[in-house]
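Bear in mind that the values in this text are calculations on the coordinates, not laboratory data. This one's a predicted model, so the numbers in the text were calculated from it and none came from an experiment. Ideal geometry is used to build each Cβ from the backbone, glycine not excepted, and the neighbour counts take in all protein chains shown.
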């Protein structure tokens, strides 16, 4: 397939592009500067600029663009940027594809497992209603931005990605240096569910969804496990202890609104992904943790 990828230099995009190329797909990247080669396409979501002609003959678009919410404190200005960076890119691609007669008919749009908000012990499929946290609001607006493409019969898949375990750590990246010092442990109660997936299977699942007969939200997770289990698995892979607890109040002070993503329990399961026939390569948490800390 001919695939265009936005956000190709991010944590997930950096793994997805080489996997797509290895599997024989022709990949072009969306970039926000003058293209340096034939496999790059200029776009500017903030200005609403994307030449539809550049997408002629393309089969699918994967949009992973968006400001990292864990990179800096979530001030009011940062929240606006987190939201706008997602909505503007999704909206630009959606409206562009909707206007094209010979454009891509598949849009795999990044989204987040924070869609549901903290739900305790409840098992969450894609049919569950969205929550009321800041991140649930982001997902609601993010996914709504693809409406024009859906209305134009583009197959839209909303990739509700969980906690991704991979080299560099992704959302857990700030924890890894602390863990390597043996200074990590239970976060809050440690009993909250974290829906995890390996970076390898995240990329494999996206590639699978390019051609699978699936539309709408898809929980990109392997399984939910208690947060302390995820931390202990990573610590074992590093041959380090995980006995230093961090109380919930300290996380709230340090992380602000992002603490809801760390302390909240999201027991999301991959109902749509499993039904589509996808099988993870790293289905075991210990195997995924060992791969994450030794790869790269």
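Odds and ends about this structure:
- Where Rh is the Kirkwood radius over Cα pairs, Rg/Rh for the stretch 74-120: 1.12
- Three-way shape call for the stretch 152-296 based on the alpha-carbon gyration tensor, with the a/c threshold at 1.5: prolate
- The shape of the chain comes out prolate: with a ≥ b ≥ c from the C-alpha gyration tensor, a/c is at least 1.5 and a/b beats b/c.
- The length gained by stretching the chain between residue 279 and residue 121 to full extension, at 0.36 nm per residue less their Cα-Cα distance, is 54.4 nm.
- Taking every DSSP helix (H) stretch of at least 4 residues in the chain, weighting each as -39,500 (n - 2.57) and dividing the sum by the residue count yields a mean residue ellipticity at 222 nm of -10500 deg cm²/dmol.
- For the pair residue 236 and residue 9 in one chain, pulling the backbone fully straight at 0.36 nm per residue adds 78.8 nm over the alpha carbon distance.
- Of all the options 199, 187, 16, the one that moves most in a Gaussian network model of the chain with Cα springs shorter than 10 angstrom is 187.
- Tensor-based shape of the stretch 1-71 (alpha-carbon gyration tensor, a/c under 1.5 rounded, otherwise prolate or oblate): oblate
- Fraction of antiparallel bridges per DSSP, the chain only, in percent to nearest 5: 15 percent
- Here's the picture: a label point sits 7 Å out from the Cα of residue 26 along the beta-carbon direction, and within the stretch 56-72 the residues with their amide nitrogen under 13 Å of it are 56-60.
- GNM flexibility winner over the chain from 196, 43, 142 (Cα, springs under 10 Å): 43
- Distance in nm between pseudo-label sites at residue 243 and residue 37 (7 Å out along the Cβ direction from Cα): 5.0 nm
- One Cα centroid belongs to the stretch 1-39, the other to the stretch 44-106; the line between them spans 14 Å.
- Restricting the calculation to alpha carbons of the stretch 1-156 gives Rg and Dmax of 16.0, 49 angstrom.
- Full-extension gain in nm, residue 49 to residue 153, via 0.36 nm per residue minus C-alpha separation: 35.2 nm
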